[in-house]
Amino acid sequence: MNRTTPKHPSAHAEPPRAPSDNAPGSRPDPVAEEAAGTGQTRGALRKPGALPQPGSGPRGVRPYPKPPALPRLIALLCLKPAQWAEAARYPFRITLWPLLLAIVLAAALVGTGVAWRVMPIAHSFAAGYDAKFAPMLLANGKLTSKDTHGKPFPRLTIDGWPVVVDLTGKTAIETLGVDRAVLIDATQISVRGDSAVKRMPLAPVWELQVDSAGLTSFLDHYGPLVALTIGSAIAGASILRNVLWAATMILLLAPLVSLGAAQRLRIPRQVAYRIAAAVLVPLVLLDGLLELLDRTPTQLVGQEWALLIWTLGAAALAVWAGALAGMIFRKPASAARS
């Protein structure tokens, strides 16, 4: 008699399957549907408190819904607050690109605004130079003055930046007592932005008589180039400043995003980072627009209060975005079944 030893049921038995999506009382899987391109239950969650994860899905198929085109995505992030919460559906890079483009666009607005405002100031300064300041000569990379006629060297403010000329060498930019300033001495230009000081030699090829006639002639010939140079430098500094600010704020706002959704949804840290980055897009563009219009909070209430306003505003939007995520992704069971 040929006897066969019974095999253990766990060796080849088919594991128990989860209830089918079409089974009575079962809930649809929105992640699988979105990966397959149907998206019929977009926003409904498989489990209460869960979020769609961009890293999951069938191989060879995009594991997240197709995002809007970049220009449309930026517009939605600025005009539709619910889009901040929708950032949870996509990988971080999908939100990072709009943020980086917003930083570049804001820098262009800042540079354009400064270049636009600096030229009338420069022409007015040139026209009244002889009546207020000592004549100077810029030649071979050195700034000199043979006779001051009892007049001081220039000291003025251009677009919020103090500009001081001192050929005696007795003034250091650190002693001016301000965070941002420009100091011109006999051989170099020192620029202090926030805390760092950058020093550049005077142009060795220019020969310029620094008086009303010389400055007016120079601006007539090279005014657009000067405006472009100044605007580009300010735009570059704006990009660096906003990149550092955005990176810091993403880390600070992520816990507030989770706090905003705490009553309805548990948001993982990686998802909170995506939503926090989305919140910053309209703030960066608003800052650039206010700089272009020369109506910044810094001019109205000072630098310290302006920093507080931007920080509290970003914090409030982060909590709001978290609350929106809780409302969008935590659907009632009855709504998901219907």
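The values are calculated or read from the model by the stated rules, or taken from the named source; none is laboratory data. No experiment lies behind these values; they were computed from the predicted model shown. Positions of Cβ are backbone-derived with ideal geometry, glycine not excepted, and every protein chain shown enters the neighbour counts.
Taking the conditions (1) more than 30 Å from residue 110 (Cα to Cα); (2) in contact with a Ser or Thr (Cβ under 9 Å, 6 or more places away or on another chain); (3) of a type outside the set (A, V, I, L, M) in turn, residue 160 satisfies each one other than (1). Counting only strands (runs of 3 or more DSSP E) that sit wholly inside region 157-200, those with at least 2 residues that are more than 15 Å from residue 233 (Cα to Cα) and not polar (S, T, N, Q) are 161-165, 181-184. Looking only at region 282-301, filter to residues that are in a helix (DSSP H, G or I) and among the charged types (D, E, K, R); which one of those is farthest from residue 97 (Cα to Cα)? Out of the qualifying residues, it is 291. For region 113-150, the tally of residues that are at pLDDT below 90 and in a loop (DSSP other than H, G, I, E, B) stands at 8.
If the condition is being surrounded by 13 or more Cβ atoms within 10 Å (Cβ to Cβ), in contact with a Gly (Cβ under 8 Å, 6 or more places away or on another chain) and within 23 Å of residue 191 (Cα to Cα), then region 201-225 contributes 202, 208. Pairing each residue of region 154-180 that is within 19 Å of residue 196 (Cβ to Cβ) and not assigned by TED's automatic domain parsing to the domain that holds residue 304 with any residue that is of a type in the set (Asp, Glu) and in a loop (DSSP other than H, G, I, E, B), provided the two are 6+ apart or on different chains, yields C-beta distances under 6 Å for 179/194. The single condition from (1) in contact (Cβ under 8 Å) with a residue 24 or more places away in the chain; (2) over 21 Å from the mean Cα position of the chain (by Cα); (3) surrounded by fewer than 23 Cβ atoms within 10 Å (Cβ to Cβ) that residue 301 fails is (1).
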